[in-house]
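Encoded as structure tokens, the structure appears first; notes follow it.
Read-outs: derived from the displayed coordinates by stated rules, not from any lab. All of these numbers come straight from a predicted model, not from anything done at the bench. Note that we place each Cβ from the backbone using ideal geometry, even for glycine, and neighbour counts take in every protein chain shown.
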Amino acid sequence: MVVCGLVKDPIDKLLDDAASGKSLFKNREVLHFTFMPDLVLHRDDEQKKVTQSLIPLLKRARPSNLLIYGKPGTGKTLVVKKVLGKIQERVKDGSFPIQLLYANAKEETTLYGLLVKFGRQLGLASQKELPTTGLSISEVFNRLIAAIEKNTLNTVFVVDEIDYLAELVSKTGKDVFYSLTRANERLKKGSLTLIGISNDLTFKERLDPRVLSSLSEEEIVFTNYTVNQIKEILTERIKEAFIPNVVDQAALNLCAAMSGQEHGDARRAIDLLRVAGEIAEREQADMVKEDHIRRASLKMEEDKETTALNSYPLHEKLLILAVMKANGSTTGEIYQSYKNLCKTTRQKELTQRRVTQMLSEIEMTGLISGKIIHQGMHGRTKKFALTLNPETVKKAFKEDLVLEDLL
């Protein structure tokens with residue numbers, strides 16, 4: 001921008017706009033995944049079913065355990081939190097104390113951590129009452145039960161993304177998890193209702209049969225949103241999130257179409273709209289247009305891949321680099337490349353068996369792909385290739401000091 005013959009500094013321009021309150025957004029919190037809208041669109045049946053399942057709380061009785069499942073972005077957590085919030089509001093002055101506890105299993109990663117988070121919400125705040133490490137899982141569970149009984153609490157434990165604990169539940173934690181679903185047989189005062197929310201429709205297949213029969217006393221399935229439903233959800237969010245007439249109709253249509261056709265995921269559509277708005281605002285555009293939506297989609301995909309890459313321990317990173325360097329090669333060739341990288345970085349190499357196992361684990365995430373190659377009389381072999389742009393890998397790993405020289 002030229003002002004009085006001088007080029008205005010772009011930093012000053014952005015800061016001036018911020019100081020003057022100039023923004024495409026009116027309230028960007030509306031586009032955050034934690035935002036609770038007054039009206040949850042296109043989920044009337046699901047809200048009724050969840051409410052009906054939990055109505056016994058209003059009648060001073062314990063509801064059945066509940067399993068809710070459906071793909072990401074179908075409104076599961078939103079509906080559960082809204083229903084529980086309204087029930088809590090109605091009984092807050094009553095003599096039947098209800099306590100709602102929430103934890104996301106994806107964030108906790110261990111059954112121990114999940115139970116400790118619930119314990120903190122029950123009031124077991126000190127390290128003496130409930131240390132973050134050092135107890136057996138069964139002892140942590142016993143302390144939760146004791147806290148519920150001591151205060152005669154009617155508790156609802158909501159475990160979001162419970163599918164992330166499936167492996168732990170089916171192995172080390174299965175007995176305690178079974179106990180959690182049958183806790184009321186031990187409680188003389190108070191009660192415990194468990195609500196599991198799962199993104200994985202096959203989640204139940206991995207559960208111990210005893211846990212499954214206890215957890216799934218009631219089930220509710222959330223279906224994907226259609227493109228038109230996502231469009232209506234976005235339209236309502238736009239009214240609250242942006243100043244009037246700054247989101248182009250074509251951009252709205254594209255945002256709904258991209259999210260609806262690929263996933264039926266309303267949360268992704270809302271995130272996509274927010275990122276597009278931020279891109280448009282940073283460029284000092286007057287409107288959010290289709291190009292902003294497309295670029296936001298690319299940015300979100302890249303950010304997701306970078307986050308996934310950064311989450312890997314060192315040897316997995318070395319293995320991904322080995323696949324990148326020996327692209328389209330066999331397991332044996334990749335292992336040799338991995339050993340060379342270990343030598344360069346002075347790391348003790350893992351066994352070929354473990355590396356082969358790690359390759360399969362990384363393949364499941366989609367960051368690398370494997371293809372069986374038939375070699376006639378020599379049998380079959382599997383060749384692996386990177387599915388990402390190598391620059392994305394380099395960008396993600398460049399902050400790791402051990403890998404600095406390799407890149």
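Please arrange Val211, Val30 by how many other C-beta atoms lie within 10 Å of their C-beta, fewest to most.
Working: Val211 22, Val30 18.
Exposure proxy ranking, most exposed first: Val30, Val211.
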Query raised in the report: Taking amide H positions as placed 1.01 Å from N in the peptide plane, with prolines and chain starts having none, which residues 5 or more places from Thr193, or on another chain, fall under 5 Å of its amide H?
Result: Thr155, Val156, Phe157
Report task. Give the percent of DSSP beta bridges with both residues in the chain that are antiparallel, rounded to the nearest 5. Result -> 35
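Which semi-axes, in whole Å and largest first, does the equivalent ellipsoid of the stretch 196-284 have when worked out from the alpha carbon gyration tensor as the square roots of 5 times its eigenvalues? List each step's numbers first, then the result.
Values: eigenvalues 266, 31, 26 Å².
Values for the stretch 196-284, descending: 37, 12, 11 Å.
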**Report entry** Selection from Ile148, Ile373, Gln352 lying farthest towards where the dipole of the chain points positive, charges on Cβ
**Finding:** Ile148
Query raised in the report: How do Ser198, Ser214, Ser311 rank when sorted from fewest to most other Cβ atoms within 10 Å of their own Cβ?
Result: Ser311, Ser214, Ser198
Report task. Among Val393, Val275, Ile162, pick out the residue whose Cα is farthest towards the positive end of the charge dipole of the chain, where Lys and Arg carry +1 and Asp and Glu carry -1 on C-beta, about the Cα centre. Result -> Ile162
Query - For the stretch 24-90 versus the stretch 230-288, the gap between their alpha-carbon centres in whole angstrom - result: 23
Query raised in the report: Taking θ as phi - 60°, what are the ³J(HN,Hα) couplings along the stretch 52-66 by the Karplus curve (6.51, -1.76, 1.60), each to the nearest whole Hz, with x for Gly and Pro?
Result: 4, 5, 9, 4, x, 4, 6, 9, 6, 10, 8, x, 5, 4, 9
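Between their Cα atoms, which of Lys371/Lys394; Lys76/Lys231; Lys299/Lys383; Lys299/Lys398; Lys304/Lys398 are more than 21 Å away from each other? Can you show the working numbers first?
On the way: Lys371/Lys394 24 Å; Lys76/Lys231 19 Å; Lys299/Lys383 29 Å; Lys299/Lys398 18 Å; Lys304/Lys398 17 Å.
Beyond 21 Å: Lys371/Lys394; Lys299/Lys383.
Trypsin sites (Lys or Arg not before Pro) within the stretch 53-99: which are DSSP loop residues with at most 15 other Cβ atoms inside 10 Å?
On the way: sites: Lys59, Arg60, Lys76, Lys81, Lys82, Lys86, Arg90, Lys92; in loops: Arg60, Lys92.
Those satisfying the criteria are Arg60, Lys92.
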**Report entry** Charge sum, other residues only, whose C-beta stays under 14 Å from Phe242's C-beta, Lys/Arg counted +1 and Asp/Glu -1
**Finding:** 0
Requested in this report: Go through the stretch 271-277 residue by residue and turn each phi into a ³J(HN,Hα) via Karplus (6.51, -1.76, 1.60, θ = phi - 60°); whole Hz please, and just put x for glycine and proline.
Outcome: 4, 4, 5, 5, 5, 4, x
Query raised in the report: For the stretch 312-406, which semi-axes, largest first and in whole Å, follow from the square roots of 5 times the eigenvalues of its Cα gyration tensor?
Result: 23, 15, 11
Query raised in the report: Taking the mean number of other Cβ atoms within 10 Å as a proxy for protection, how do you rank 297-306, 188-197 from highest to lowest?
Result: 188-197, 297-306
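With 10 angstrom as the radius, rank Glu404, Glu278 by how many other C-beta atoms surround their C-beta, starting from the fewest.
Numbers: Glu404 11, Glu278 18.
Starting with the residue having the fewest Cβ neighbours, the order is Glu404, Glu278.
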Query raised in the report: What would the Debye formula give as log10 I(q)/I(0) at q = 0.07 Å⁻¹ for the alpha-carbon point model of the chain, no solvent?
Result: -0.47
Query - Cα-only Debye scattering, the stretch 44-221: base-10 log of I(q)/I(0) at q = 0.08, 0.18 Å⁻¹ - result: -0.22, -1.23
Requested in this report: Report, by chain and number, residues whose modeled amide H sits under 5 Å from the one on Ile373, excluding near sequence neighbours (fewer than 5 apart, same chain).
Outcome: Thr381, Lys382, Lys383
Report summary line: Which of Ile55, Ile270, Ile293 fluctuates most in a GNM of the chain (C-alpha springs under 10 Å)? That residue is Ile55
Query raised in the report: How do the peptides 346-356, 243-253 rank, highest first, by the average count of neighbouring beta carbon atoms within 10 Å per residue?
Result: 243-253, 346-356
